[in-house]
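One structure is given here, and the rest of the page talks about it.
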Amino acid sequence: MANPLTGLELRSTISSDGNLTLSLEPVTLAAPGPDEVIVRVEAAPLNPSDLGLLLGPADMATLKTGGTADHPTLTAAIPAARMPAMKPRLDQSMAVGNEGAGTVVLAGENVAELLGKKVGMLGGSMYAQYRKIAARDCIVLPEGATAADGASMFVNPLTALSMVETLRMEGHKALVHTAAASNLGQMLNRICIADNVPLVNIVRSEAQAAILREIGAKYIVDSSAPDFREKLTDAITETGATLAFDAIGGGRIVNTILHAMEAAINRTATAYSRYGSATWKQVYVYGMLDTSPMELDRGYGLAWGVSGFLVTPFLMKLGLEGTLRLRARVVAELTTTFASHYTNTISLAEALDPKVVEAYAKKATGEKYLIDPSR
Ligand SMILES: NC(=O)c1ccc[n+]([C@@H]2O[C@H](COP(=O)([O-])OP(=O)(O)OC[C@H]3O[C@@H](n4cnc5c(N)ncnc54)[C@H](OP(=O)(O)O)[C@@H]3O)[C@@H](O)[C@H]2O)c1
């Protein structure tokens, strides 16, 4: 293996004059340090959080190819109203891709045993042909697992497991989850079934409900159905859920969940309180699938909380031992509980094709894309 190694890396830049540019830049990696490896990246998922950095708030109707055959680019306009939020990243060429997997092609002297091994990695800059990374940020994949099997072994699995950890830490009996047929939502169902945690799934179509029924989900409510609120309150009454994780964020979904929790509690209340029930109702907003403002009418008393949730600070709170316990479960159940499915595998160059961008930017159920930079 040549050393130093040069490979292409996908970069995203938003300029001060309001344009997004995606490009493939050559990057040369010096030899790995004693505790580092260089991995040939063979699979990296395009998750909603990656898309946030990759495309920013670009107007998809303005996608335009450019550059040269050797150095292709893709540009798009950023709406003026969204530019102030982009200020901290303006004119910086940003590497993208939170997690990925591939084969170790160079290894430092303290971690030489990793040479040739397939590993999963977390740490950014994964949409690249080669990634230099500390060995501690890699997990060796189980025998027989492919790079595609290991590509999504950190972000969604650890977030789904963190939801159940939160439920236990905060003493809730059951949980509500939105956009529940997502890749993460399917994992959460398999975890909750195995761990006997009642889970109320909120989906927005019958097709999504069917996906979750197939997994074995017991409580599924469809927000597009006319009796959604009653059905949600019924499921929350039956399970006693006082905790929700919401990936949508915008609009009235959080409000609806808090109302349903309060109504469920009131079904068995024996005394009236003008401040609402004393039972704490907690919603963690962990995604931004709907970027419109969140509307809360506060018609459910005063014992409630709505806050953001990010997996990395949660894992820091959980501590090293807890995090290693969750990671070990992911490895043990990589191709079952934590299996991810991809509709399409694309090369780095294809990630700059406007038609392909439109497809992966949809974030539609069961339509996750994988980048294989080694193609
Ligand atoms: N905070 C954290 O630390 C953290 C960590 C990991 C993941 N996440 C978040 O977890 C969520 C799920 O990720 P994933 O990779 O599992 O997603 P995914 O597989 O790409 O699925 C996205 C799902 O969201 C649905 N959806 C999209 N826009 C929606 C909207 N406006 N209202 C309702 N549903 C909508 C889609 O349904 P349709 O087919 O109907 O569009 C689809 O089922 C994302 O929001 C991601 O950002 C957060």
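The values are calculated or read from the model by the stated rules, or taken from the named source; none is laboratory data. This one's a predicted model, so the numbers in the text were calculated from it and none came from an experiment. Heads up, the Cβs are rebuilt from the backbone with ideal geometry, glycines too, and the neighbour counts pull from every protein chain shown. Surface areas here come from the heavy atoms of the whole protein model, side chains and all, with no ligands, DNA or RNA. Shrake-Rupley method; radii C 1.70, N 1.55, O 1.52, S 1.80 Å.
General remarks:
- Taking the longest Cα principal axis of the chain as reference, the axis of helix 253-266 is set at about 30 degrees.
- Listed residue (SER224, SER49, GLY97) projecting farthest to the positive dipole end of the chain, Cβ model: SER224
- Highest to lowest packing among 273-284, 122-133, 160-171, scored as the average C-beta count within 10 Å: 122-133, 160-171, 273-284
- Nearest-ten-degree value, helix 311-332 long axis tilted from longest Cα axis of the chain: 80 degrees
- Take every DSSP beta bridge whose two residues both sit in the chain; close to 60 percent of them are antiparallel.
- Folded to 0 to 90 degrees: helix 183-195 orientation relative to the chain principal axis, Cα: 60 degrees
- Among TYR272, TYR286, TYR342: highest mean-square fluctuation, GNM of the chain, C-alpha pairs under 10 Å: TYR272
- Given LYS118/LYS355; LYS118/LYS368; LYS317/LYS363; LYS281/LYS368, the pairs whose alpha carbons are separated by over 25 Å: LYS118/LYS355; LYS317/LYS363; LYS281/LYS368
- Within the stretch 155-315: Cβ-based charge dipole about Cα centre, in debye rounded to nearest 20 (Lys, Arg +1; Asp, Glu -1): 240 debye
- Cβ crowding within 10 Å averaged over residues, with 348-359, 61-72 ranked highest first: 348-359, 61-72
- Cα gyration tensor category, rounded, prolate or oblate, for the stretch 287-326 with a/c compared to 1.5: oblate
- Computed in the context of the full set of protein chains, the accessible area of the chain at 1.4 Å probe radius has 54% of its extent on carbon or sulfur.
- Among 84-90, 305-311, 326-332, 153-159, sorting by the average number of other beta carbon atoms lying within 10 angstrom of each residue, highest first, gives 153-159, 326-332, 305-311, 84-90.
- When the Cα positions of ILE14, THR73, ALA160 are compared along the charge dipole of the chain, ALA160 comes out farthest toward the positive end, with charges on each C-beta of Lys, Arg, Asp and Glu.
- Sites SER93 and TRP280 - FRET efficiency at Förster radius 51 Å, r taken between beta-carbons, to 0.05: 0.65
- The stretch 59-199: C-alpha gyration tensor shape, a/c 1.5 cut-off, then a/b vs b/c: oblate
- Divided by 2.2 N^0.38 Å, where N counts the residues, the Cα radius of gyration of the stretch 233-349 comes to 1.38.
- Taken about its Cα centre, the chain carries a charge dipole of about 660 debye when Lys and Arg each add +1 at the Cβ and Asp and Glu each add -1 at the Cβ.
- When the stretch 155-315 is described by a simple charge dipole with +1 on each Lys and Arg Cβ and -1 on each Asp and Glu Cβ, the residue from LEU302, ILE257, PHE245 located farthest towards its positive end is LEU302.
- Using the rule -39500 (n - 2.57) for each DSSP H run of four or more residues, divided by the residues of the chain, the 222 nm mean residue ellipticity is -8500 deg cm²/dmol.
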